[in-house]
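Asker: Take a look at the following structure, please.
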Amino acid sequence: MIQPAPEKAVEAQAQGAKKGRELVVLQKLLPFLSLTVLFVALAIASPHFLTSTNLSSVVRQTAVINIMALGMTLIIIIGGIDLSVGAILAMGGVLGTMAMEKGLNIPAGVGVGILTGLLCGLVNGFLITRLSIAPFIVTLGTLGIFRGATLIMTNGLPVHRIPQQFTFLGEGTMLGVPFVLWILVACALVTHLILEHTRLGRYTFAIGSNYEAAVYAGVPVTFHTTAVYAIGGMLTGLAGMIEASRLMTGQPTSGEGYELQAIAAVVIGGGSLRGGEGSVIGTLIGAFIMGLLSNGSDLLSISPYVQKTIIGAVIILAVAMDELRKRRSTSA
């Protein structure tokens, strides 16, 4: 059998590595380029798109998914998944508004909603780490538990008697900017700092990249995995209160299907479902891409069913590109 010359083998390896790097750059730039192209296309297609009213509406509509997706980013980076976030959002919004209905002030009610999300996240993290059950199975089960518990508490009826001032959280403005945008920026900055400048962030990437190696290296995998799910739940609880503020009700059926949108935002933004990869800016871009698709569909009178089809196709494309890049890097 004829063996290739060493020089040719080295050259082939170098070309494979170069293609792998090019694919990485393309994968990182693609979400930003897609968002830019979509923004320009909608600005040309509809004269109503660039109005301040419409842009403010886009920010408010996407803020809930954005904040949920920030928590999902941490969870996916660590190699997990959370299918219960929609149900956590509903439970947080319901318990927070019920607290206000019982006489608590607005900040305390918001705190109850956030704490509810935190506790739900802790439950998910505990079941995954202590019982060694796959995250998919655990969160699929808790999706039903949290949703059912919320419906039982409310008898399936929304919570109405809440202070009128509560609407400021989801619909108010500060310095001419939607208040939810300030909240989103603050959450994004904190999440970025956690990922890039804390031990929890470093361990999150390490666990998601190679679980066994992290265990052998002495990383407290159980603690940090639970902490990540708790942070994801806390952010989802906050999103639930924003959703309740926009609706001015604690709706026990809210958040249905939001888990898909939160996961899609992370994947479209460059996160890997295999774990170990993801970024705050990529997730924000992914969420805004979906927000613009929804808004553009409304402005251009396009069926929402088409939007779902497009998002599904984009998710498959993003995952396929990630798999192709990993195969290239492995073969190189």
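Asker: Which residue out of Leu122, Leu118, Leu143 is under 30 Å from Ser56 (Cβ atoms), modelled with pLDDT of 95 or more and out of contact with any Cys (no Cβ under 7 Å at 6 or more places or on another chain)?
Answerer: On the way: Leu122 fails: under 30 Å from Ser56 (Cβ atoms); Leu143 fails: under 30 Å from Ser56 (Cβ atoms).
Within the list Leu122, Leu118, Leu143, the selection yields Leu118.
Asker: Considering each residue of region 144-170, count those that are closer than 15 Å to Gly255 by Cα and crowded, with 20+ Cβ neighbours inside 10 Å, and give that number.
Answerer: Of the residues in that region, 3 qualify.
Asker: OK, next. Quick one: how many residues across region 184-199 are of a type outside the set (Lys, Arg) and surrounded by fewer than 15 Cβ atoms within 10 Å (Cβ to Cβ)? Please lay out each step first, then the result.
Answerer: Filtering region 184-199 for residues of a type outside the set (Lys, Arg) gives 184-198.
Checking the rest, the ones that are also surrounded by fewer than 15 Cβ atoms within 10 Å (Cβ to Cβ) come to 185-186, 189-190, 193, 196-198.
The total comes to 8.
Asker: Here is a list: Arg274, Arg246. Which entry is of a type in the set (Lys, Arg) and within 30 Å of Gln165 (Cα to Cα)? Can you show your working first?
Answerer: Working: Arg274 fails: within 30 Å of Gln165 (Cα to Cα).
One residue alone meets the criteria, Arg246.
Asker: Return the only residue of Met68, Met98 being among the hydrophobic types (A, V, I, L, M, F, W, C) and closer than 22 Å to Cys187 by Cβ.
Answerer: On the way: Met98 fails: closer than 22 Å to Cys187 by Cβ.
Result: Met68 is the single residue among Met68, Met98 that is among the hydrophobic types (A, V, I, L, M, F, W, C) and closer than 22 Å to Cys187 by Cβ.
Asker: State whether the residues of region 231-251 include one that is among the small types (Gly, Ala, Ser) and either more than 26 Å from Val112 (Cα to Cα) or touching a His at 6+ places or on another chain (Cβ under 9 Å) (or both).
Answerer: Here is the first cut: in region 231-251, the residues among the small types (Gly, Ala, Ser) are 232-233, 237, 239-240, 244-245, 250.
Now restrict to residues that are either more than 26 Å from Val112 (Cα to Cα) or touching a His at 6+ places or on another chain (Cβ under 9 Å) (or both): 250.
The answer is yes, given that some residue of region 231-251 is among the small types (Gly, Ala, Ser) and either more than 26 Å from Val112 (Cα to Cα) or touching a His at 6+ places or on another chain (Cβ under 9 Å) (or both).
Residue-by-condition table, conditions (1) charged (D, E, K, R); (2) free of Cβ contacts under 8 Å to residues at least 12 places away in the same chain:
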site: Leu127; (1), (2): no, no
site: Leu131; (1), (2): no, yes
site: Ile137; (1), (2): no, yes
site: Leu140; (1), (2): no, no
site: Leu143; (1), (2): no, no
site: Gly148; (1), (2): no, yes
site: Ile152; (1), (2): no, yes
site: Pro158; (1), (2): no, no
site: Arg161; (1), (2): yes, no
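Asker: Find the residue count for region 202-224, including only residues that are in a loop (DSSP other than H, G, I, E, B) and under 11 Å from Gly79 (Cβ atoms).
Answerer: Within region 202-224, the subset in a loop (DSSP other than H, G, I, E, B) is 210, 217-220.
Filter again for under 11 Å from Gly79 (Cβ atoms), leaving 210.
Within region 202-224, residues that are in a loop (DSSP other than H, G, I, E, B) and under 11 Å from Gly79 (Cβ atoms) number 1.
Asker: Name every residue in region 270-320 that is over 22 Å from Val59 (Cβ atoms) and acidic (Asp, Glu), in order of residue number.
Answerer: Glu277 - this is the single residue of region 270-320 that is over 22 Å from Val59 (Cβ atoms) and acidic (Asp, Glu).
Asker: Pairs, please: C-beta under 7 Å, at least 6 apart or cross-chain, first residue within 11 Å of Leu151 (Cα to Cα) and in region 79-96, second of a type in the set (A, V, I, L, M, F, W, C) and in a helix (DSSP H, G or I)?
Answerer: Close Cβ pairs (under 7 Å, with a partner that is of a type in the set (A, V, I, L, M, F, W, C) and in a helix (DSSP H, G or I)) amount to Ala87/Leu143; Ala87/Phe146; Met91/Cys120; Met91/Phe146; Met91/Ala149; Val94/Met153.
So that you can scan it fast, the table gives a plain yes or no per residue for (1) among the hydroxyl-bearing types (Ser, Thr, Tyr); (2) within 21 Å of the chain's Cα centre (by Cα); (3) closer than 16 Å to Thr283 by Cα:
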site	(1), (2), (3)
Leu38	no, yes, no
Leu42	no, no, no
His48	no, no, no
Asn54	no, no, no
Ser57	yes, yes, no
Asn66	no, yes, yes
Met72	no, yes, yes
Ile76	no, yes, yes
Leu83	no, yes, no
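Asker: Looking at Leu127, Leu119, can you tell me which residue is out of contact with any Phe, Trp or Tyr (no Cβ under 9 Å at 6 or more places or on another chain) and buried (at least 19 other Cβ atoms within 10 Å of the Cβ)?
Answerer: Numbers: Leu119 fails: buried (at least 19 other Cβ atoms within 10 Å of the Cβ).
Checking each option against the conditions leaves just Leu127.
Asker: Still on this structure: Residue check, Thr226 against (1) of a type in the set (S, T, N, Q); (2) in contact with a Pro (Cβ under 9 Å, 6 or more places away or on another chain); (3) more than 21 Å from Asn105 (Cα to Cα); (4) buried (at least 17 other Cβ atoms within 10 Å of the Cβ), all met but one. Which one?
Answerer: Going through the list (1) of a type in the set (S, T, N, Q); (2) in contact with a Pro (Cβ under 9 Å, 6 or more places away or on another chain); (3) more than 21 Å from Asn105 (Cα to Cα); (4) buried (at least 17 other Cβ atoms within 10 Å of the Cβ), Thr226 breaks only (2).
The values are calculated or read from the model by the stated rules, or taken from the named source; none is laboratory data. The model shown is predicted, which means the values in this text are computed figures rather than measured ones. Glycine gets a Cβ as well: all are built from the backbone with ideal geometry, and neighbour counts include every protein chain shown.
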